[in-house]
Structure formats: C-alpha cells, structure tokens
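Inspection log for the structure reproduced underneath, given as structure tokens.
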C-alpha cells in the first residue's frame, strides 16, 4: 500500500429527477491504494454505489475530479471510459447480472473476448472453484454459484481493480462467505485492489480499511490492525 | 465464436415465433419485389433483345393500295433507316376437323427470303418457295394448337376462291409476341393464325401486283418518330393511307407495354407496404427486447463493450430476422416468378426465355430487406447504445400514467377495471397503438383491393357483353360492302337477326391533340350492338354530331358541346368539324360513334357496312360455318359466345389465384402485427397479469385484458382499412387504365365485410396463440423476476 490507485477531490453527484434534486454525493475526497481491500460501509442511499459507479467509469461526477493512477477519469469522454473499463476494471454486482442465454464459461468469455490480456475462461472459473460447472446455464446454478461466475467474469481480464457492489446482498450467510473468500483469495494472490460495497457491518472485519458513508459524505476511515478471515465472519 | 455472437444466436432461437411472424411479412415483400421487379426487368430485357435481334420496326402503316415507286420517297424521309413494304390481308380459314371458321392474317414474304424488318424466326421446316402459290409458313403457336407439322394442308378463302395451302414451316415474329385476332379479347391460337405467303402469291390474291398495302420503317437513333409519322402520312394520303403509328400503338407491343407497366406499378406499390410493416414490427419487438435486457446492456458496458458494439449486437438480431425473411422471400419469389413465367409462356410467344430473374435483383431485394429491418431496429439499438451503464443497472422507472382528458372521459364511461387497463394501455403508447391499427388496416385494404377486382370485372363483362355487344357473331368483310349484303347474310342458315355496322378510320383533332381511332356507325334501330352509358341508357348519336367514350374525350381535352375536327383516313382524306353530342363511359377500347347516314354522307359514299352482327340459332351453327368458309369477301368471323366464355373462364381462374394470394398476404400481415403486438404486451404485462391471477382473477378474465387490447385495435382498424382499401382500389383503376381498357371502381358492402372477417379472424387466431402462453404463465417465477 504505497501510492494511491484512485484519488478523488471534492466529488459531487446530483440527480435531477423531475422536480427534486438529489445530492447523492456531497463532496468526497478519498484515496484508495494499490493492493488494498477496502470496504465502503453505509446505509442504503448513502452514496457508496454512486461513488463506485464513478470510480468504475459507469457514471460521471457532477463536480470534482477523479484519478485512476495518472489518468483523470473526470476528463474522459464516453469512448475513453469504455476503454478504461475494458482494460482496467472488473465489476461484481448484487444481482450477478449474468446473461441467462449464456453458460458459465460463455459468460466469462464475454469478457475475455474484448480484454487485452485475459486468462482462459476455464482458468478463471477454476479460481472461484467452479471447474465442474463450466457448461451450466445461470438458471441451473445456485445464487452463490452465479455470483462466483460473476467474480470469475470480473477477474478473467486480470483487472487492476475489482469493484463489488453488495456482492453478498442477495445471498445467505453461508454462500455469502464463500463469495467473500473468493474475493479475498483474488486480492491476496494477485494484489488486485478490491473495493467492496456493503451495508453489512460484519464484512468490514476482512478489509484493510473501512470507509464509512452517510448522506453522500465520508464520515470516517478506519484501518483494521488485524484482518479476520472470511470464514470466521458470520451474520 | 464470440460469446456475444452465441448470445445473439440463442436469443434468435428463443424468439423464433416472433421472428418468424416478422420474417413472413418481410418475405412477402421480398417475394413480391423479386417477382414483380424481376419479371418486369426480365420481360423488358427479353423484349428489347428480341426486337434488337429481329429488327422490329419503329413505325407501321397500312393503305388501300400504294405503288412500289413510292418507296424511294419514303426512304428519303429524314430519320428513316430502313423501309420494308408488304402485302397484308385477312382471310377466312377452313381448318380440317374444325367446325368453325378461323381467321388468318396474311403477310407477304419478299422473294429473297426473310424480310429485313420484323424478321421472323424459322422454328421448324423451311421457307415457302417464292414461286409457289400454295405454300405458307404459319406462326408456331397456331401450328402447336392444331398439331400441324410442315407438310400439313389448310384451306383459305382467297379473294372468293377457296385454295389449299401447304404449311412448309413455322415462324415466331417480334410483331406477334402477343397474338390477338380482330375483335378478340385474348389470344386464341386455334382460331387466329398468321400466314406468311410469298410476295407473288399474296400480291395475286389481294390484287397488289406492283403495289403494297403495308409498310414498316426502321428509324435512326435520333429520329423524331412523330415527325416521321406525319411525313409518311402525307406521302400515303393519296393512296388511302389509314394513318401511320409507332410502336406504342402496335397491338402486340402495347399489350406487353401494359403488362410491363402493371409489373412496374406492382413493384412500386406493394413491396414498400410490406417493408414498412416489417420495419414497424422489428421496431416494436426489438424495443421490447432492449427494455427487457436493460441490465444485460448495463453489464456489457460495464465489462467494456463500446456503445457501438452494443448497438451492433441488436442490429444484428434484426439482421438475423431479415436473413430469415430474405430466405423465405427468395424461395417464394423464385417459385412465384417461375409460375408467372409459365403463365406468360401461355400468352406471350418469345423465341427464347430470359425469364430468369437476374442475380442483381435478388441482391437488391436482400439489401432492401436488410435496410427495412435495420431502420426498424435502429431506434431500439440506439436506445441500447445510449443507455448509460449506471442507469441501465438500476430498474427502469414505471411508465408514467397520469390523468388526462381521456382518463376523465374513460372515467365517465364507468368501465370495469380490466377494460380501463386496456384503454389506458392503448392511450399510453399512442404511436404503437396507432401503427398497429395502421398495419391491420393495411391488411384489410389489401383484401378489399384484391376482391374489388372481381366485382370490377363482373361489371366490365356485363357492360361489354350483356349490355352493349349482344350479338352472337360478327362477320367482317375485307372491304366495305353495300347494305344489300345484309340480305345475303340473312339468308345464311341459322341467322335470326342481322344488323350492319360501319367502321371509318379517322384522325380526331382538337387543338394540338389528336387521336387515331375507328368511328363506328350503325343504321338506325339497331339492337344487337348498342352504345350504352354508365347508367344503362342506350345512347343514339344524333345527326351531324359525334359521341365519344369519356376516356377518349379526356385524351382530346373535349367535353359535350365542344367541336372536334374529324379527318377521315383510308379514302378521300377530308376533314369535317363536328360537335361532341355526348360522352359515354366505356371499359373496352376508345369508342367514337356517329349516326349511320351522317357517316356515309360525310364520307361521300352510298350506304355501306364493314361488318354484320348476327343473332344465331345455335343449332344451325355448323351449317352456318360450312357456308362461311366459302363466302366471298369475308375476312373473318368473331364468335361472341365463345369470346365471352373464354374471357370469363380466364378471369374466373385469375380471380381465384389473385384472391388466394392476396388473402394469404392479408393473413400474414395480420398475424405478423397481431401476434407480435399481443406477445409484446404479454411480456410487458406478465407481472401485472400474474398479480391479477394471484388476486383471484380467472384465466379467462386475465386473458380478456391481453386479448382485448389487440382485438380492440383490430376493430378500430376496420374503418381505416376500408378507407385505405378504397384508396388502393382507386389507384389501381387509375393504374390499369390504358387505351385498351379501363377498370371501373366497384366496391360492394360484401367486399368490405369479407376483408374484415378475414382480418378479424386472423387477429383472433394470433392472440389465441399468445393466450396459450398466458395460460402456462408460472405465477411465482414471474413475480420473482426483476423487471
């Protein structure tokens, strides 16, 4: 954990939904470092997903600046953001977002088809312990398995950052732990900077650092002196 | 294969029913385009090649008798590249084994072989010997119809003498691609023959030694045809010229022109309708798919697929539908063009077939189909491309229903909740509802336009055969006869009534407009053949005036009371100014009528007739024909009973084919629109409908909501469809109108009712297919899916 991989300066995000203006982010300054596993903790609507979307190049900040290493994301157009996502970022979503008409292997292949230096889909699936489910379709797998396919899909491009939006939100405690182990394992093994969003406070124990959100602002950052392994976490 | 392509193929397979419904409509467009445009080009190219190779003339003329010495003067007309003179005439034929007489058109062959213009092709046998008097070549279709081979003999009444003629060979000629005899409505290869006879024999038979009565001109590329026709008329005037004309009036050529024009109109009108409907269906279905795959689109973008790649993915889905449509269309189109080629082979006599639709027409049809599908897909594909990934990952906002003026109106109606849901959904997507109505209305219109033709033809046949021309037979003479010939005819066996009729070739002028036609004049009191107007009233031309068919009046720009110049051709070319007494609506030909005495007086001749109409005792028909075969001066007979029957038979057959084809088309359009409409609704409302089921609604109550919307739109489409059908029928009557015939606009309530029944029935079947899916809806699964 040396130099920041993400740096934000006074980031705000305002949604204009008809009449009401919603301040999803009200000025966020945050550094995230290479190789760290950070947990963004906060209640629904606190702005953590919005920040993740902006860090991942899915959304634009209303004001403020965001850097990925030396690359200023806030200065990029649509095309630049697409290239950035394609080359550097892996996403994991709460509802897995697998394509139902594609098998596990093909869902991963969706990424390896366009990434510059990907691993083989089977290799990525082996990393999440799904070597035996390569040709199953999403409808034929449990929620935990589907989420691990999503993780395999995210890491198959060997991303520098892995952004996870409530990865265990739709899972029970036992399968949720399996997913967290997969994430922890990737972080350990490849040094992939991993950002996990959750409103589940129990998960904070596995992080290097915990960033607390409330009403679109960071209310605190704490470092875990000792991290707890995912299998020791329960909720 | 790329994962995205695998998804594409699987999506396509999953959507097969909807894709097929669209592909069928698109395929219809491709097939009709292929057939109409392909055959239009094939027919035009075939004809052009035939004319080019066989030097089909550009200008034609006939006279009573002109000296050969006139030829150098004609050849000197600026723009004339070649002159061919000949002797022509009409004879009555006696064919072994045939009771009725047949009519032969004699054309002379030069001494040195085939003519330089209108060169026939020798198909079998040899040319007649130039020195022989009893040898002829006949047109191949006539030989085929009777099974004649070279060496067979027929008899002809040549200038009052019955002579045996030996067939030495068979010909096909560019002049007779569509071979139609005098007074016939369609080709009759048994009853009408072209006889090519050596010059000397023909000249002797028609008293034309050292003279000619037919001439053809080939023009240079830049020649002014109208100018050449005027100069030729001037030269032939002293010799009884009947007026020169160009290819546009040459009978065979003008029939092919009409067919080509019809194909061209069809290619311009029908396929665009299908392509537009296909585009709308693709738009509707793809729009729904993009809505459903919202989160997948977000995912693709999050992973790093560019907007363009996402856009392309959905365009390619439409492309696959288009490919299916193209494949169906090519298969159906190839079959249809083949069927049409077979049909043409019955009517048109070409020596070679270029009846194959060329590959570039296939390519063009495919490109148009792809563009249509692409245009339909582009809105949904662009919506997918422009969807921001962050927005795409979140569920869509619910559609905004709000209280509008309509809602207050609906509220006042006190509709049940399901009825309210149907009404609101229609109003919520007014464009989609409107286009659905339009699509179904087009299906109704297609049906109306198809059946209208049937009724129109009934009216034509009734007007032409049962009101105007009620004679059983017409006897035509090679030269006008004194009225005393009527007594002679009356004495023939089986003849019950006799009426004479005079034809006078004339050029009608009004200002700069002019038209060459034959004026008909009948003695007073004639009843077999009469002029009948649109209201069924008999019109009798008053003395010293002329009555015109309304289409002729339009061409001359005159109305009742206007005066026109009548320039008589073929004799003393005198011009008289006559008032137009009345106009009559007619569907065949361009008629002009004069009082009998006026015509003879103006033409300065003792009363004469060109043909005799007779009423027959059919039991004596054989005896009559036996006498006609030997009757001097007779040029031919037309058996009206037979003409009527063959015309009605052919039409009845065509009407059945046309109605079947159009009804199929209407059903395909209806199913394409109604099935996809209901299918998209089911997809959009699955949750809503499942909720109702959970709340305790029965299956049929729920399906009423689903089926109600589509069926209500189908009902709304009916009046619009009737209106569109009326408009298309009207456009068709305008498109079919030519000098040869016109089609009246006849629309009966039954026509509209039948169209509506077919379309409503097909809509019902389409929604019932979707209802089956609704019945199988897994309530729990539907409620769980994230919309």
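The values are calculated or read from the model by the stated rules, or taken from the named source; none is laboratory data. Keep in mind that this is a model prediction, so the values were computed, not measured. When we count neighbours, we look across all protein chains shown, and the Cβ atoms used for this are built from the backbone with ideal geometry, even at glycine.
For every residue, the table says whether it meets (1) within 14 Å of chain B (Cβ to nearest Cβ); (2) touching a helix residue (DSSP H, G or I) at 6+ places or on another chain (Cβ under 8 Å); (3) without any contact (Cβ under 8 Å) to a residue 60 or more places away in the chain.
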site: A:28; (1), (2), (3): no, yes, no
site: A:34; (1), (2), (3): no, no, no
site: A:49; (1), (2), (3): yes, no, no
site: A:73; (1), (2), (3): yes, yes, yes
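In this structure, does residue B:745 turn out to be on the phi < 0 side of the Ramachandran plot, touching a residue at least 24 places away in the same chain (Cβ under 8 Å), touching a helix residue (DSSP H, G or I) at 6+ places or on another chain (Cβ under 9 Å) and not in a helix (DSSP H, G or I)? Write out each step before concluding.
Numbers: on the phi < 0 side of the Ramachandran plot: yes; touching a residue at least 24 places away in the same chain (Cβ under 8 Å): yes; touching a helix residue (DSSP H, G or I) at 6+ places or on another chain (Cβ under 9 Å): yes; not in a helix (DSSP H, G or I): yes.
Taking the combined requirement at face value, the residue satisfies it.
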Output yes when any residue across segment B:226-236 is assigned by TED's automatic domain parsing to the domain that holds residue B:136 and not in a helix (DSSP H, G or I), and no when none is.
no
Tally up the residues in segment B:281-306 that are closer than 20 Å to residue A:108 by Cα and assigned to a helix (DSSP H, G or I), please.
10
Every listed condition ((1) under 17 Å from residue A:161 (Cβ atoms); (2) at the interface with another protein chain (Cβ under 7 Å from one of its Cβ atoms)) holds for residue A:99 save (1)
Condition met for residue A:145 (away from every other protein chain (no Cβ under 13 Å) and on the phi < 0 side of the Ramachandran plot)
yes
Quick check on my filter: what residues within segment B:15-46 are modelled with pLDDT under 90 and within 14 Å of another protein chain (Cβ to nearest Cβ)?
B:15
Kindly check whether there is at least one residue in segment B:233-249 that is touching a strand residue (DSSP E or B) at 6+ places or on another chain (Cβ under 6 Å) and within 14 Å of chain A (Cβ to nearest Cβ).
no
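Does residue B:646 meet the test of being within 30 Å of residue B:91 (Cα to Cα) and modelled with pLDDT under 85? Don't jump to the end; show me each part of the working.
Details: within 30 Å of residue B:91 (Cα to Cα): yes; modelled with pLDDT under 85: yes.
In short, yes.
Okay, residues lined up against (1) at positive phi; (2) surrounded by fewer than 20 Cβ atoms within 10 Å (Cβ to Cβ); (3) not assigned by TED's automatic domain parsing to the domain that holds residue B:507:
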{"site": "B:568", "(1), (2), (3)": "no, yes, no"}
{"site": "B:574", "(1), (2), (3)": "no, yes, no"}
{"site": "B:581", "(1), (2), (3)": "no, no, no"}
{"site": "B:589", "(1), (2), (3)": "yes, yes, no"}
{"site": "B:599", "(1), (2), (3)": "no, no, no"}
{"site": "B:633", "(1), (2), (3)": "yes, yes, yes"}
{"site": "B:647", "(1), (2), (3)": "no, yes, yes"}
For segment B:50-68, how many residues meet the condition of being surrounded by 15 or more Cβ atoms within 10 Å (Cβ to Cβ) and part of a helix (DSSP H, G or I)?
2
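Being touching a strand residue (DSSP E or B) at 6+ places or on another chain (Cβ under 9 Å) and crowded, with 23+ Cβ neighbours inside 10 Å is the filter here, so list the residues in segment A:132-158 that pass it.
Residues of segment A:132-158 that are touching a strand residue (DSSP E or B) at 6+ places or on another chain (Cβ under 9 Å), as a first pass: A:147, A:150-151, A:153-158.
A:147, A:150, A:151, A:153, A:154, A:155, A:156, A:157, listed by residue number.
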Determine whether segment B:309-332 contains at least one residue that is within 14 Å of chain A (Cβ to nearest Cβ), farther than 26 Å from residue B:435 by Cα and modelled with pLDDT of 90 or more.
yes
Within segment B:11-32, is even one residue in contact (Cβ under 8 Å) with a residue 24 or more places away in the chain and not in a helix (DSSP H, G or I)?
yes
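Assess whether residue B:680 counts as being surrounded by fewer than 16 Cβ atoms within 10 Å (Cβ to Cβ) and within 30 Å of residue B:16 (Cα to Cα). Quick ask: steps written out before the conclusion?
Details: surrounded by fewer than 16 Cβ atoms within 10 Å (Cβ to Cβ): no; within 30 Å of residue B:16 (Cα to Cα): yes.
Criteria not met by residue B:680.
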Return only the number of the condition from (1) in contact (Cβ under 8 Å) with a residue 40 or more places away in the chain; (2) more than 29 Å from the chain's Cα centre (by Cα); (3) in a helix (DSSP H, G or I) that residue B:467 does not satisfy.
(2)
Name the residue that is modelled with the highest pLDDT, counting only residues in segment A:79-96 that are more than 9 Å from chain B (Cβ to nearest Cβ) and outside any helix (DSSP H, G or I).
A:92
Leading residue by the ranking (surrounded by the most Cβ atoms within 10 Å (Cβ to Cβ)) among those in segment A:222-235 that are under 20 Å from the mean Cα position of the chain (by Cα) and either free of Cβ contacts under 8 Å to residues at least 24 places away in the same chain or part of a loop (DSSP other than H, G, I, E, B) (or both)
A:233
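Could you count how many residues in segment B:604-624 are over 27 Å from residue B:738 (Cβ atoms) and crowded, with 22+ Cβ neighbours inside 10 Å?
First pass over segment B:604-624, keeping only residues over 27 Å from residue B:738 (Cβ atoms): B:604-609, B:612, B:614-624.
Those still in the list that are crowded, with 22+ Cβ neighbours inside 10 Å too: B:609, B:612, B:614, B:624.
Number of matching residues: 4.
Hey, any hits in segment B:267-289 for a residue that's within 14 Å of chain A (Cβ to nearest Cβ) and at pLDDT below 90? Don't jump to the end; show me each part of the working.
Filtering segment B:267-289 for residues within 14 Å of chain A (Cβ to nearest Cβ) gives B:289.
Checking which are at pLDDT below 90 leaves us with B:289.
Yes: segment B:267-289 contains one or more residues that are within 14 Å of chain A (Cβ to nearest Cβ) and at pLDDT below 90.
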Tell me whether segment B:553-567 contains one or more residues that are out of contact with any strand residue (DSSP E or B) (no Cβ under 9 Å at 6 or more places or on another chain) and in contact (Cβ under 8 Å) with a residue 40 or more places away in the chain.
no
Only one residue in B:740, B:745 is modelled with pLDDT under 80, surrounded by 14 or more Cβ atoms within 10 Å (Cβ to Cβ) and outside the structural domain of residue B:248 (by TED's automatic domain parsing), so which one is that?
B:740
Considering each of A:214, A:178 in turn, give the residue that is more than 17 Å from the chain's Cα centre (by Cα) and touching a residue at least 12 places away in the same chain (Cβ under 8 Å).
A:214
Since residue A:128 meets every condition but one in (1) surrounded by 16 or more Cβ atoms within 10 Å (Cβ to Cβ); (2) within 13 Å of another protein chain (Cβ to nearest Cβ), which condition does it not meet?
(2)
Every residue from segment B:69-84 that is assigned to a helix (DSSP H, G or I), surrounded by 13 or more Cβ atoms within 10 Å (Cβ to Cβ) and in contact with a strand residue (DSSP E or B) (Cβ under 8 Å, 6 or more places away or on another chain):
B:71, B:74
